[in-house]
Amino acid sequence: MKVIVIGAGLGGLTLAHGLRRAGIDVAVYEQDAASGRPQGVSLHVDERGRSALRACLPPAPFAMVEATMGGPREQTLKLSDVDGELAVTGVQPSLARPGRQVHRPLLRAVLLTDLDDVVGFGAEFTRFEQRADGTVQVWFADGSTDTADVLVGADGIGSAVRRHHLPDVRVVDTGRRMIMGATPLRAVLGTGLPGLIGDSPASAHIGGTTMVVAVLRFTESPLAARRRWLPALRRTAAEIEDYVMWALPATREPTMELPPALRTIIGEAWPDFTVTLRGGMIPRPPVWPARPVTLLGDAIHPAPGFGGNLAMQDARHLCEALAEAHRGRLGLLDAIGGYEDTMRRNGFTKVGA
Ligand SMILES: Cc1cc2nc3c(=O)[nH]c(=O)nc-3n(C[C@H](O)[C@H](O)[C@H](O)COP(=O)(O)OP(=O)(O)OC[C@H]3O[C@@H](n4cnc5c(N)ncnc54)[C@H](O)[C@@H]3O)c2cc1C
C-alpha cells in the first residue's frame, strides 16, 4: 500500500511516522520550505496528543519529546492585581486543561528527524483524480504528479484537498482574534511572576483585558536530551531556552491597563514568535461516503488552542485503520470509513471537550 500525505504539519508528520512503522510506503508533500512558517513557540499537549505521539513515533524521538516537555499543568490559576502587586487569588476550575507544554519548533524538528526520504518540500498540491483502478493521482503546482492507493489531506485550515474532496464544506470566521507570544524567562525573572505561578498556566482579568501566561522550564535541557536520545536531530538545541508564553485578545491597545509585570512580559517578547490567530471553524458536515481520499486535523475540524492534539489523535487513528487494511484484516474503504466515523465523533465535539 502507498499513501500520499499533503502537509508536513503536526498531523501529517505524526501519520508519516506511524505508517512507516507499520510497513506502509508513505510520501509527504509540503508546500513550504523545510524552515516552515512561524506558528508560535509553544504547544499545549494533552493526553490525546501525547498518546498519539507515543503510538506513532519510534521510541527515541518520543523519548526526546517527553524529556523536553515542561512540567505537568493540572490547573489554571487566577491572577489578580492586589494593591498594585500581582497575586494568585484562586484557581479557575473551568479553565483546567491537564497536559504539558512543548516547544513547537523543537517538536517539528523532532518530527522531521529521519524522514528525509519521505518528506518533499516546496511541493504545492493543486488537485487529484481518482483513477479507474481505484488509485488516486495527485498534481502539484510545478506540473509533477504522483499516484497512491490513499490520499490524505493534512494540509491545514485552508486545505486544497478538502476543497476538491468536499467542495460544499466551508470555513467560517468566528471573528475571534488572539495575539500569542513568548518571552525568554531570563528577561522576566525580576517580575516575580515565574516563581508565583510555577508550572501552572494563569489567567489575569484586569481592567477589561484577559491575559493568559505560562512558563515552560525544560524538564531536561534540549541539548542534553538531544545527546541522550536523538543525536540525528538537526536543530541546534543549544539555542532553545526556557520561556514564558502568553496570549491576549487582539483588541485596541489593551496592554496599558495591565500591571507592570505583565507589560514587561509583552515588552520583552521575541518578535519572531508573536503571531495573531484568526478563529476559524467548520460546521459539522453531513456524513460523506468513504473514498480513498480522506482528511485529518485542521483540514476538516480546525480548533484553535487544541487543534494540534486533535490532528495528532486523527493521525494515530488513521494509521491504525490503514495498518489493518494493509494486513488484509479490513477492506480499504471500510478502514477509511471507520476512521472517518471516529474522527467526526472526536473532531466535531464541543470546543474544549
Ligand atoms: C500560535 C498558535 C498556537 C497554538 N497553540 C496550540 C496548542 O497549544 N495546542 C494545540 O493543540 N493546538 C494549538 N494550535 C493549533 C494547532 O497549531 C493546529 O491545530 C495544528 O497545527 C493543526 O495541525 P494540522 O497537521 O492539521 O495542520 P498544520 O499544522 O496547519 O499543517 C498543515 C501543513 O500543510 C501545508 N499545506 C497547506 N496547503 C498545502 C498544499 N496545497 N500543498 C502542500 N502543503 C500544504 C502547510 O504549509 C502546513 O505545513 C495553535 C496554533 C497557533 C497558530
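The values are calculated or read from the model by the stated rules, or taken from the named source; none is laboratory data. Note that the coordinates shown come from a computational prediction; the quantities given were computed from them, not determined experimentally. Ideal geometry is used to build each Cβ from the backbone, glycine not excepted, and the neighbour counts take in all protein chains shown.
Some observations on this one:
- Taking helices (runs of 4 or more DSSP H) as the structural unit, those lying wholly within segment 145-230 and holding at least 3 residues that are over 25 Å from the mean Cα position of the chain (by Cα) correspond to 193-197.
- Screening Gly158 on (1) within 11 Å of the ligand (Cβ to nearest atom); (2) in contact (Cβ under 8 Å) with a residue 24 or more places away in the chain shows it passes everything except condition (2).
One line per residue, one yes/no per condition, for (1) away from the ligand (no atom under 16 Å from the Cβ); (2) in contact (Cβ under 8 Å) with a residue 60 or more places away in the chain; (3) crowded, with 22+ Cβ neighbours inside 10 Å:
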{"position": "Ala299", "(1), (2), (3)": "no, yes, yes"}
{"position": "Phe306", "(1), (2), (3)": "no, yes, no"}
{"position": "Ala323", "(1), (2), (3)": "yes, yes, no"}
{"position": "Gly347", "(1), (2), (3)": "no, no, yes"}
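Each row is one residue, and each column tells you yes or no for (1) outside the structural domain of Gly9 (by TED's automatic domain parsing); (2) of a type in the set (D, E, K, R); (3) at pLDDT below 90; (4) closer than 29 Å to Ile6 by Cβ.
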{"site": "Ile206", "(1), (2), (3), (4)": "yes, no, yes, no"}
{"site": "Val215", "(1), (2), (3), (4)": "yes, no, no, no"}
{"site": "Arg234", "(1), (2), (3), (4)": "yes, yes, yes, yes"}
{"site": "Glu239", "(1), (2), (3), (4)": "yes, yes, yes, no"}
{"site": "Tyr243", "(1), (2), (3), (4)": "yes, no, no, no"}
{"site": "Ala250", "(1), (2), (3), (4)": "yes, no, yes, no"}
{"site": "Ile265", "(1), (2), (3), (4)": "yes, no, no, no"}
{"site": "Leu295", "(1), (2), (3), (4)": "no, no, no, yes"}
{"site": "Pro302", "(1), (2), (3), (4)": "no, no, no, yes"}
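Residue by residue, here is whether (1) buried (at least 22 other Cβ atoms within 10 Å of the Cβ); (2) not assigned by TED's automatic domain parsing to the domain that holds Pro231; (3) not aliphatic (A, V, I, L, M) holds:
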site	(1), (2), (3)
Glu30	yes, yes, yes
Ala33	no, yes, no
Gly36	no, yes, yes
Val41	yes, yes, no
His44	no, yes, yes
Val65	yes, yes, no
Leu86	yes, no, no
Leu95	no, no, no
Arg108	no, yes, yes
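- Lone unmet requirement of (1) under 30 Å from Leu296 (Cα atoms); (2) in contact with a strand residue (DSSP E or B) (Cβ under 8 Å, 6 or more places away or on another chain); (3) not assigned by TED's automatic domain parsing to the domain that holds Val152 for Thr183: (1)
- Qualifying positions in segment 304-353 - at pLDDT below 95, among the aliphatic types (A, V, I, L, M) and under 17 Å from Ala52 (Cβ atoms): Ala353
- Of the strands (runs of 3 or more DSSP E) lying entirely inside segment 1-84, none contains at least 2 residues that are in contact with a helix residue (DSSP H, G or I) (Cβ under 6 Å, 6 or more places away or on another chain), more than 16 Å from the ligand (Cβ to nearest atom) and without any contact (Cβ under 8 Å) to a residue 60 or more places away in the chain.
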